[in-house]
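The following block contains the structure, expressed as structure tokens.
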Amino acid sequence: MTADPDISRHDAAPQVLGVLALELSDDSVPARDALGQQAAGALATLLGRDLGALVPGARDLDLVFAAAHFDPAELLRPGWPVHRRLAELRARAPRAGQGPRIIAFGADDKGETPLPFRADPQLSGGRLRVLPYLFVGEPAATEAVSAHMESMLLDLGMAQADTALQAQEAFGARIEHARYLTLHDLLAMTALQYRNQGLEPLWDLLETALLAPASEVWLDAPPEPLLRHVGGEVRMALLSPDDWRRRCAAGEQDQDRLAHGLAMHEARQRQFAAVLQAHGVPVEFGHVAPGQDPRTALA
């Protein structure tokens with residue numbers, strides 16, 4: 001990874017950002033996108049029990065949970081918008097007494113999922129669905145819980161059997177595994193998944209967009225597409241066929257191989273754009289004038 005800032009400090013007050021990750025059976029499709037308020041509260045209570053047993057200090061913090069499932073890319077976006085929304089809703093929630101709270105959000109009385117927790121239907125269908133949670137409280141205690149979870153949750157964070165069963169019955173889906181992850185853990189798992197899918201060349205740029213969105217970084221590694229991340233967006237160079245040939249296939253004379261190579265390059269551009277956009281990173285396509293230096297065109 002190119003950068004490793006403390007995700008828990010995306011706001012002024014430290015927070016513990018994590019997910020309940022549900023690995024579905026191959027042919028399983030959840031019957032519900034979000035749970036009703038009563039079921040959401042019941043699942044949140046089990047989550048608090050499980051994580052409190054793993055990291056006792058978590059019991060002294062507020063737990064905020066959304067009983068709605070997302071594709072991992074929807075939570076791994078610049079600024080962590082879903083978790084940020086959880087923090088905002090916690091700040092507005094009424095307080096009864098002085099102790100730590102469990103605050104759960106789910107579908108409304110009509111069964112509709114509130115907009116902040118409405119998953120993108122274009123990103124449905126994956127086997128891994130994730131439900132966001134955060135812990136927050138006194139800063140020193142929160143930092144201690146964050147450090148503890150980062151050190152052990154990936155290895156030891158399996159949900160208890162009754163928690164997994166509760167999630168399975170509540171969402172109407174067959175669940176193979178249910179486990180707790182920090183957002184850092186989810187980021188690392190996504191990096192490995194993308195590497196296995198041949199997307200490793202894109203990862204440094206995507207990671208910068210997520211963890212250091214104010215930074216500039218290039219992907220300049222022919223025959224990969226030329227990309228520049230700057231100002232919170234990615235600019236992608238669209239080359240003429242002759243310029244693509246000079247950059248990516250110099251010396252190739254066979255016209256069939258050239259045509260196939262150009263088609264593969266354009267497919268790679270679409271693939272990169274789709275991944276970036278799934279992670280909430282805007283993509284701007286820059287047409288490069290014939291003969292122009294493509295880096296200059298993206299500057």
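The values are calculated or read from the model by the stated rules, or taken from the named source; none is laboratory data. Because the structure is predicted, anything quoted here is derived from the model rather than measured. Note that we place each Cβ from the backbone using ideal geometry, even for glycine, and neighbour counts take in every protein chain shown.
Pairs needed: first member in the range 136-159, assigned by TED's automatic domain parsing to the domain that holds residue 85 and assigned to a helix (DSSP H, G or I); second member anywhere, crowded, with 20+ Cβ neighbours inside 10 Å and of a type in the set (D, E, K, R); C-beta distance under 7 Å; at least 6 residues apart or different chains.
Partner pairs satisfying both residue conditions: 153/185; 154/185.
Among the residues of the range 221-273, what is the count of those that are surrounded by 11 or more Cβ atoms within 10 Å (Cβ to Cβ), more than 26 Å from the chain's Cα centre (by Cα) and part of a loop (DSSP other than H, G, I, E, B)?
6
Identify, please: which residue in the range 112-136 is modelled with pLDDT of 95 or more and over 16 Å from the mean Cα position of the chain (by Cα) and is, among those, surrounded by the most Cβ atoms within 10 Å (Cβ to Cβ)?
The selected residue is 135.
Which of the following residues is without any contact (Cβ under 8 Å) to a residue 24 or more places away in the chain and touching a Gly at 6+ places or on another chain (Cβ under 8 Å): 259, 237, 214, 263?
On the way: 259 fails: touching a Gly at 6+ places or on another chain (Cβ under 8 Å); 237 fails: without any contact (Cβ under 8 Å) to a residue 24 or more places away in the chain; 263 fails: touching a Gly at 6+ places or on another chain (Cβ under 8 Å).
Testing whether each residue is without any contact (Cβ under 8 Å) to a residue 24 or more places away in the chain and touching a Gly at 6+ places or on another chain (Cβ under 8 Å) leaves just 214.
Got a number for residues in the range 165-213 being in a helix (DSSP H, G or I) and over 23 Å from residue 149 (Cβ atoms)?
Residues that pass the stated criteria total 17.
Moving on to the next point. From the set of residues in the range 290-299 that are out of contact with any Gly (no Cβ under 7 Å at 6 or more places or on another chain) and surrounded by 13 or more Cβ atoms within 10 Å (Cβ to Cβ), which is farthest from residue 213 (Cα to Cα)?
Just the residues of the range 290-299 that are out of contact with any Gly (no Cβ under 7 Å at 6 or more places or on another chain), to begin with: 290-296, 299.
So of that shortlist, the ones also surrounded by 13 or more Cβ atoms within 10 Å (Cβ to Cβ) come out as 292, 294-295.
Details: 292: 28, 294: 23, 295: 20 Å.
Across the range 290-299, the extreme among qualifying residues is 292.
Additional query: Among the listed residues 138, 176, 169, identify the single one that is more than 28 Å from residue 35 (Cα to Cα) and not hydrophobic (A, V, I, L, M, F, W, C). Working first, answer last.
On the way: 176 fails: more than 28 Å from residue 35 (Cα to Cα); 169 fails: more than 28 Å from residue 35 (Cα to Cα).
Sole residue among the options that is more than 28 Å from residue 35 (Cα to Cα) and not hydrophobic (A, V, I, L, M, F, W, C): 138.
I want to confirm something. Restricting to the range 15-42 and keeping residues that are under 25 Å from residue 98 (Cβ atoms) and part of a helix (DSSP H, G or I), which single residue is nearest to the chain's Cα centre (by Cα)?
The first filter runs over the range 15-42 and keeps only residues under 25 Å from residue 98 (Cβ atoms), leaving 15-18, 37, 40-42.
If we keep only those that are part of a helix (DSSP H, G or I) as well, we get 37, 40-42.
Working: 37: 25, 40: 22, 41: 24, 42: 25 Å.
Here the answer is 40.
While we're looking at this one, here's another question. If residue 18 satisfies every condition in (1) in contact with a strand residue (DSSP E or B) (Cβ under 9 Å, 6 or more places away or on another chain); (2) closer than 21 Å to residue 150 by Cβ; (3) surrounded by fewer than 19 Cβ atoms within 10 Å (Cβ to Cβ) but one, which is the exception?
Unmet for residue 18, out of (1) in contact with a strand residue (DSSP E or B) (Cβ under 9 Å, 6 or more places away or on another chain); (2) closer than 21 Å to residue 150 by Cβ; (3) surrounded by fewer than 19 Cβ atoms within 10 Å (Cβ to Cβ): (3).
Within 26 Å of residue 79 (Cβ to Cβ), modelled with pLDDT of 95 or more and hydrophobic (A, V, I, L, M, F, W, C): does that describe residue 259?
So residue 259 does not fit the description; no.
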